[in-house]
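Student: Here it is, the structure in full.
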Amino acid sequence: MSAQSNSHWDRRTLLRAAAGLAVAAPLAACGSNNGRGGGGSGKQLQQYFHAYGEAGVEQAVKRYAKAYSKAGVSTQWITGADYETKLFAALLTQQAPDVFEFHPQIQLVKSGQVADLTDIIEPVKDDFNPADIASHSYDGKIYGVRMIDDPQFLFYRKSMLQKANVAVPTTLEELIEAAAKLTTPKVKGLFLGNDLHAVEAPLIWSAGAETLTAKNEIGYHTDGVVEGLRQLRKLFTSGSLLLDAPADFWDPSAISQGLCAIQFCGMWAMPVMQQALGDDLGVLPFPKVGSKGRPSVYNGGWSMFVNAKGGDVDAAKEYVKWLWIDQKQYQEDFATSYGFHIPPRTSIAARADKLKSGLPAEGVKLFNTYGHFDNIGWTQAMWSAWDSVIADCVRKGGDPEAALDKADRTVGRELKKLFG
Amino acid sequence: MSTTTTRGIARSAPAGPAKARPRQGLGANRTLNFWLFTGPFLIGLVIFVFVPIVWSVWLSFYDARFTVTPSHFVGLDNYRHMLSNSDFTGSLVTFTVFAAFIVPTTWALALGLALLVHRLRLLRAFFRSVFFLPTACSYVAAALIWKMSLFNGVRFGLANTVVGWFGVDNIAWVSNPSPPWYWLVVVTVRLWLQSGFYMILFLAALQNIPGELYEAAAIDGARRGWQTFRYITLPQLRATSTAVILLLLIAAYQAFDEFYNLITTRATWGQTPLMVLYKTALGASQDYGSGSAGAVILTLLICVVTLFQGRIMGFGRGEEST
């Protein structure tokens, strides 16, 4: 094409483009749906959820949101294993969610990212599990509404233990021996997740230690924990631990597909496991480590928080109050209709019939007997430091003392920044 | 804007002569057109490249935790922290090892494929496409396939099935760093993904080598095969080779996707520089100050290495001087 015909083409296109822009600009202005109001149809809120593995949860969350009449609520369903990374990054931007689910962690409070929810929780405070209130409180204020409690423990195939003539293990050493006896060419004895991060806290508690002491000082660096790390290393190299499974610990497929005899998982996966294995299923806490230890269960879970820097904090709080405080039928549906979770509200837990008999009831018993809740002072950076401990001494075979010393430096730096 | 007369001429005149015609009064239009066409791109470049770079440099001097608009100036503290951070310095070693694996293997494989496809008489376009196709696949998707089906640790994983034929026990390819099988996984995935692209570059260069050179060599008694390849083909490909190696090095420096998905940030080995920066700035500690300082250090390093490599291999001097 010649230069001249080019400029001719330019002019016509330019005119057309200009006209197009003139038409499109106002349209674009009212069409922007960033979940931040301006839609003309009342308030708009955006909520973040990590992707639950159980079928139907996403639809349920969207159904609850749709039923809310005072604001339009859009849901971001964050898939992938790095929910916290996406959440933390989004919280710094204009596109941050108004409400989001996460775990209680003090850096969110200290950096002013989560709003004080004391006023909406206070009237029903007595109906909540006191431990859930404590784990969300700092300086007398409550920062999140617990939605579900998720105890994590070991699931085992009764028939396989019987066949191998193995008793239910009560110590980590016995668990390691059992794993060895249960291992066959086709089935591995034990699955603790591909990178073992899920058993970090249970290992600390089962060794009789704490992540942080009551004074917010390092509590995990004890001889018992060092001993536990040594034993885990032995297990890691024994050949009886399932590694690099296609799905991680939170997914029930390793045990339900017969890849392992014992799996560390959460109560959420119990319905799927029961469906696959029927009665051939038992549960046990993470066994004690060393003589001073005691069995432990990690009472994880998810809570709803309000972004303190969001566009309309009051509207967001109102929505959280409506769904996670007032709407008990939704809360019960969320806790028991998909995966199994323990409702943090006593009144709802009392009527959750599905959790009252059989294996679910045993799970609830473990939760009540051996459970440890989140410590608000134990932050994501500290979890991450412990990922490195497991990587350095259990997976790589380094010295546990050196790995813990390295974690002490990271955790110490965090504690100093948080508590002075 | 052009006048109506140019329009008339453009219609009647063929393209060739019209180009030669002197154009008056078009200077201003040219400037306008220049900005009109490059404007959107330049605006994007400024907003998405220059502003973040400047912002990042600014952040690197501040205590920026959980914020990107900090107020507490800390001078060179973040730089000190990053340079004494064993994770960050270790990541430079990881990168070097990775580059030492991936650059020569991709170079050799891409060249090998190009030579094979170049000699084909039949189905050349077909094979060219087949080898190029993996380039279109996303790194994340490929990494997940490698992790979950080819190199998973259970007995029915492809790699474990193959080693099983030789009586070898199941291997945890990624979880267990001793022996470091994870290198095999990350190197093969990238090899599969990028070789086809560099093959195309070599293929183009091969087609540009004049046939007379080979004829002259044959007359001078050069044997076909290795001798011709060593003394004719390879020297003729020097400029392309240099460019390919430079591109491969830069790509290796930027390695993130497959490491992040295969090895994950929970490990302490196999962490590339970008992963460490990601973990520092966007991960658990949300330390944008230190993350930015690391990014600045990395940028400087890339500049130095690129200049140094240009010196040694003569990239940019053109083929004549080689």
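The values are calculated or read from the model by the stated rules, or taken from the named source; none is laboratory data. These numbers come from a predicted model, not from an experiment. Reconstructed Cβ throughout: ideal geometry from the backbone, glycine too, with neighbour counts over all protein chains shown. Protein only, heavy atoms only, side chains kept; ligands, DNA and RNA dropped before computing areas. Shrake-Rupley method; radii C 1.70, N 1.55, O 1.52, S 1.80 Å.
Student: Only one of (1) touching a helix residue (DSSP H, G or I) at 6+ places or on another chain (Cβ under 9 Å); (2) surrounded by 20 or more Cβ atoms within 10 Å (Cβ to Cβ); (3) closer than 22 Å to residue A:391 by Cβ is not met by residue A:155, so which one is it?
Tutor: Checking residue A:155 against (1) touching a helix residue (DSSP H, G or I) at 6+ places or on another chain (Cβ under 9 Å); (2) surrounded by 20 or more Cβ atoms within 10 Å (Cβ to Cβ); (3) closer than 22 Å to residue A:391 by Cβ, the one that fails is (3).
Student: In the set A:113, A:47, which member is of a type outside the set (A, V, I, L, M) and at pLDDT 95 or above?
Tutor: A:47
Student: Out of the residues in the range B:251-289 meeting the condition of being touching a strand residue (DSSP E or B) at 6+ places or on another chain (Cβ under 9 Å) and hydroxyl-bearing (Ser, Thr, Tyr), tell me which one is nearest to the other protein chains (Cβ to nearest Cβ).
Tutor: Out of the qualifying residues, it is B:285.
Student: Among the residues of the range B:49-93, write down those that are of a type in the set (Ser, Thr, Tyr), within 12 Å of chain A (Cβ to nearest Cβ) and within 26 Å of residue A:407 (Cβ to Cβ). Steps first, answer last, please.
Tutor: Taking the range B:49-93 first, the residues of a type in the set (Ser, Thr, Tyr) are B:56, B:60, B:62, B:67, B:69, B:71, B:79, B:84, B:86, B:89, B:91.
Imposing the further condition that a residue be within 12 Å of chain A (Cβ to nearest Cβ) reduces the set to B:67, B:69, B:84, B:86.
Within the range B:49-93, B:67, B:84, B:86 meet the criteria.
Student: Which residue pairs have Cβ atoms closer than 6 Å, lie 6 or more positions apart in sequence or on different chains, and pair a first residue in the range B:231-258 that is surrounded by 19 or more Cβ atoms within 10 Å (Cβ to Cβ) with a second residue that is among the polar types (S, T, N, Q)?
Tutor: Every condition considered, the pairs that remain are B:248/B:106; B:255/B:272.
Student: Might you check whether a residue that is within 14 Å of another protein chain (Cβ to nearest Cβ) and either among the polar types (S, T, N, Q) or open to solvent by 60 Å² or more (accessible area, probe 1.4 Å) (or both) occurs anywhere in the range B:118-138? Even if it seems obvious, please write down each step before you answer.
Tutor: Step one: of the range B:118-138, the residues within 14 Å of another protein chain (Cβ to nearest Cβ) are B:138.
If we keep only those that are either among the polar types (S, T, N, Q) or open to solvent by 60 Å² or more (accessible area, probe 1.4 Å) (or both) too, we end up with B:138.
So far as the range B:118-138 goes, yes, one or more of its residues are within 14 Å of another protein chain (Cβ to nearest Cβ) and either among the polar types (S, T, N, Q) or open to solvent by 60 Å² or more (accessible area, probe 1.4 Å) (or both).
Student: State which residue is farthest from the chain's Cα centre (by Cα) when the search covers only the range B:118-169 and only residues that are charged (D, E, K, R) and within 22 Å of residue A:244 (Cβ to Cβ).
Tutor: B:169
Student: Within the range B:267-303, restricting attention to residues that are β-branched (Val, Ile, Thr) and assigned to a helix (DSSP H, G or I), which residue is surrounded by the most Cβ atoms within 10 Å (Cβ to Cβ)? Give the derivation first.
Tutor: First, the residues of the range B:267-303 that are β-branched (Val, Ile, Thr): B:268, B:272, B:276, B:280, B:296-297, B:299, B:302.
Applying the additional criterion that residues be assigned to a helix (DSSP H, G or I) yields B:276, B:280, B:296-297, B:299, B:302.
Values: B:276: 24, B:280: 26, B:296: 19, B:297: 19, B:299: 13, B:302: 15.
The residue in question is B:280.
Student: In addition: Among the residues of the range A:403-412, which ones are more than 9 Å from chain B (Cβ to nearest Cβ) and not hydrophobic (A, V, I, L, M, F, W, C)?
Tutor: Listed by number, the residues that qualify are A:405, A:408, A:409, A:412.
Student: Checking residue A:359 against (1) within 17 Å of the chain's Cα centre (by Cα); (2) assigned by TED's automatic domain parsing to the domain that holds residue A:115: exactly one of these is not met. Which one?
Tutor: The failed condition is (1).
Student: Another question, if that's okay. With respect to the numbered conditions (1) modelled with pLDDT of 95 or more; (2) within 18 Å of residue A:237 (Cβ to Cβ); (3) of a type outside the set (A, V, I, L, M), which one is the sole condition not fulfilled by residue A:153?
Tutor: Evaluating residue A:153 over (1) modelled with pLDDT of 95 or more; (2) within 18 Å of residue A:237 (Cβ to Cβ); (3) of a type outside the set (A, V, I, L, M) leaves (2) as the failure.
Student: In addition: Look through A:364, A:320, A:297 and report the one residue that is open to solvent by less than 50 Å² (accessible area, probe 1.4 Å), among the hydrophobic types (A, V, I, L, M, F, W, C) and in contact with a Lys or Arg (Cβ under 9 Å, 6 or more places away or on another chain).
Tutor: A:364
Student: Can you tell me which residues in the range B:145-164 are more than 8 Å from chain A (Cβ to nearest Cβ), closer than 16 Å to residue A:185 by Cβ and buried (at least 20 other Cβ atoms within 10 Å of the Cβ)?
Tutor: B:160
Student: If you don't mind, another one. Can you give me the ranges of the helices (runs of 4 or more DSSP H) entirely in the range A:172-268 with at least 3 residues that are open to solvent by 20 Å² or more (accessible area, probe 1.4 Å)?
Tutor: By residue number, A:172-182, A:223-237.
Student: Right, here's the next one. Could you pull out the residue among B:167, B:221 that is at positive phi and away from every other protein chain (no Cβ under 14 Å)?
Tutor: B:221
Condition check ((1) assigned to a helix (DSSP H, G or I); (2) within 14 Å of chain B (Cβ to nearest Cβ)) across all residues:
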| site | (1), (2) |
| --- | --- |
| A:330 | yes, no |
| A:347 | yes, no |
| A:361 | yes, no |
| A:372 | no, no |
| A:378 | no, yes |
| A:385 | yes, yes |
| A:393 | yes, yes |
| A:401 | yes, no |
